[in-house]
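A short worksheet on the structure shown next.
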Amino acid sequence: MTIEMDLSDVRRDYESHGITRKDMDPDPYPFVQFGQWLQRARDLELLDATAMTLATADSAGQPSARIVLLKHFDAEGFCWYTDTRSLKGRHLEANPNAALLFHWRDLSRQVRVHGQVQMMPAEDAERYFLMRPEGSRFSAAASRQSSEIESRSHLEDEVLRLRAAYPDGDVPRPDAWIGYRLTPEYFEFWQGQDNRLHDRIVYSPLESGWEMKRISP
Ligand SMILES: Cc1cc2nc3c(=O)[nH]c(=O)nc-3n(C[C@H](O)[C@H](O)[C@H](O)COP(=O)(O)O)c2cc1C
C-alpha cells in the first residue's frame, strides 16, 4: 500500500483578470467587495460557494480548522450556526480570536478574514433552526457535537427516540445549538494570476473606514 505521495509536480495555471484598486469597491470597502465576490461564486453555482474554513485556537494557542457554512453576512460580520459544546465552541469560549477562509477554486480566488467572535442571541438560532429541514433538526437535537459516542447506531437510536417523542417534527432546538458572528478586523482578497504573480489586496480598519494596501504574492 502506498503511504507516500509526492505532489511537487501538481500545479495548474491561473487564468483570470487581475484586480486593480479601481476594481475594489471604495465604500464601505471590504464588505461590499466581499459581497460581490460571494455573489459571483453563487451566480456560477459553485458547489459549496458559502462554505468557509473556520480556524480557532485554544488558550494555549493550539489551532484547529474545520469547514462551516456562512448563513448570514452584513457589515456587522459573518455568521454561522453550530454547537457550543463542540471543539470550536470550547475554543471560542477560551479565545475569541478566529479566522475565516473562503476558497472559490473555479474563480482562482480566496478571501481571508481575521476577527473576534461573539455568540449571537438565542432568538437568531431559534429562527434559523425552524427554517432547517426536519431531518437536520432531529440530527442537531440528537448530536452533542464533537463528543465521543459508542457507535453510529447509538446516534441513530437517539434520532428514532426523538422522532417518537416529537411525531409532529417539532423537536426543540438544543440550547447549545447557537449562532456565532465574527466581526472582521482584517480582510485579504487574493486573485490567482499567471506565473504565480498573484494579486493580493488587504484591508485594515482605521478610526473611520478602512485602509487598503496591495501586498506581494
Ligand atoms: C461543507 C461542510 C459544511 C459544514 N457546515 C457546518 C456548519 O455550518 N456548522 C457546523 O457546526 N459544522 C459544519 N460542518 C462540520 C464541521 O466541519 C465539523 O466537523 C464540526 O463542526 C465539528 O467541528 P469541531 O469539532 O472542530 O468543533 C460542515 C462540514 C462541511 C464539510
### Task
Would you grab the residues whose amide H sits under 5 Å from the one on GLY115? Only those 5+ places off in sequence or on another chain, please, with H modelled 1.01 Å from N.
ALA98, GLU185
#### Entry: Pairwise label distance in nanometres, LEU130 with SER216, each label 7 Å out on the Cα-Cβ vector
5.5 nm
#### Entry: segment 73-102-segment 36-69 distance, computed between alpha-carbon centres (Å)
11 Å
#### Entry: Mean-position separation - Cα centroids, segment 103-130 and segment 163-217, in angstrom
5 Å
### Task
Please say if the chain is rounded, prolate or oblate, where rounded means a/c under 1.5 for a ≥ b ≥ c the square roots of the C-alpha gyration tensor eigenvalues, and otherwise the choice is prolate for a/b larger than b/c and oblate otherwise?
prolate
### Query
How high is the relative contact order of the chain, given as a whole-number percent (alpha carbon pairs under 8 Å, six or more residues apart)?
24 percent
### Task
May I have the extent of the alpha carbons of segment 65-187 along their three principal axes, as whole Å values ordered from largest to smallest?
47, 35, 30
### Task
Fewest Cβ neighbours within 10 Å first, please rank VAL32, VAL68 accordingly.
VAL32, VAL68
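Readers should treat all values here as calculations from the given coordinates under stated rules, not as data from a laboratory. In this text, all values refer to a predicted model and were calculated from it rather than measured experimentally. So basically every Cβ, Gly included, is an ideal-geometry build from the backbone, and we count neighbours across all protein chains shown.
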